[in-house]
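Working notes, structure below.
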Amino acid sequence: MVRIMIVDDHALIRRVIRDVIWQECDLEIVAEACNGYEAETQAAQTQPDVVLMDLDMPECGGLEATELVLACSPHSRIIILSASRCEQHAVSAIQRGAVGYLIKDIEPDTLIYAIRCAVHNELYITRPLASRVLAHFRSLQLPVPVDAVQRRITLVYKQVGAGRKGWQVGATGYHHPIVMPKRTTLVPVAQ
């Protein structure tokens with residue numbers, strides 16, 4: 001059962017979301033809150049799997065509340081719900097830990113799909129914003145962590161020098177080797 005918390009300052013919106021979720025047999029609502037501070041308290045008590053969080057709320061909005069909820073319930077996955085189509089809001093939400101950003105004019109099936117994505121820690125952004133948010137992150141030109149790459153290259157060279165096969169080297173993680181059974185058959189995948 002997926003445990004869900006709804007956070008929105010409008011009772012009508014919470015009710016509509018509740019009605020959509022109640023139609024799904026594997027989803028249950030464990031808490032509701034009308035601002036970010038209440039969300040923090042409820043999340044600490046109920047430890048929800050998914051939090052549906054309004055972006056614009058009085059006292060404590062969705063972006064700040066995302067950080068508060070994740071601090072007291074780190075396994076929770078947060079989906080921001082908003083009327084805003086501003087890509088910067090979506091970018092800020094993701095940077096603060098949200099795994100989804102939905103425009104409130106979505107279909108009920110889209111909300112359910114986004115919840116299921118969040119459960120698997122998969123990012124879901126409403127279509128009109130998805131390509132713009134992706135373009136924003138691509139434009140950041142983040143530096144490659146040279147130390148991590150150098151450590152991996154050194155590890156690969158050492159293992160090849162020790163006579164290991166390619167699949168054995170590939171199966172070795174950065175920190176812990178993965179032991180593969182001797183009878184493993186590698187099957188080529190058609191392109």
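The values are calculated or read from the model by the stated rules, or taken from the named source; none is laboratory data. Keep in mind it's a predicted model, so treat the numbers as computed, not measured. Cβ atoms come from the backbone with ideal geometry, glycine included; neighbour counts cover every protein chain shown.
Would segment 75-91 turn up any residue that is touching a Cys at 6+ places or on another chain (Cβ under 6 Å) and modelled with pLDDT of 85 or more?
There is no residue in segment 75-91 that is touching a Cys at 6+ places or on another chain (Cβ under 6 Å) and modelled with pLDDT of 85 or more.
Checked against (1) under 18 Å from His10 (Cβ atoms); (2) in contact with a helix residue (DSSP H, G or I) (Cβ under 6 Å, 6 or more places away or on another chain), Lys104 passes all but condition (2).
Checked against the criterion of being touching a Leu at 6+ places or on another chain (Cβ under 9 Å) and under 21 Å from Arg3 (Cα atoms), the candidates Leu27, Leu68, Leu81, Leu123 yield just one match: Leu81. Please find, among Arg96, Arg77, Arg18, the residue that is assigned by TED's automatic domain parsing to the domain that holds Val7, among the charged types (D, E, K, R) and out of contact with any helix residue (DSSP H, G or I) (no Cβ under 8 Å at 6 or more places or on another chain). Answer to the selection: Arg18. Of all residues in segment 80-99, at least one satisfies being on the phi > 0 side of the Ramachandran plot and small (Gly, Ala, Ser). The condition (being of a type in the set (A, V, I, L, M), closer than 15 Å to Asp49 by Cβ and in contact with a strand residue (DSSP E or B) (Cβ under 9 Å, 6 or more places away or on another chain)) is satisfied by just one residue among Ile112, Ile106: Ile112.
The set of residues in segment 126-168 being assigned to a loop (DSSP other than H, G, I, E, B), surrounded by 10 or more Cβ atoms within 10 Å (Cβ to Cβ) and modelled with pLDDT under 80 consists of Arg164, Lys165.
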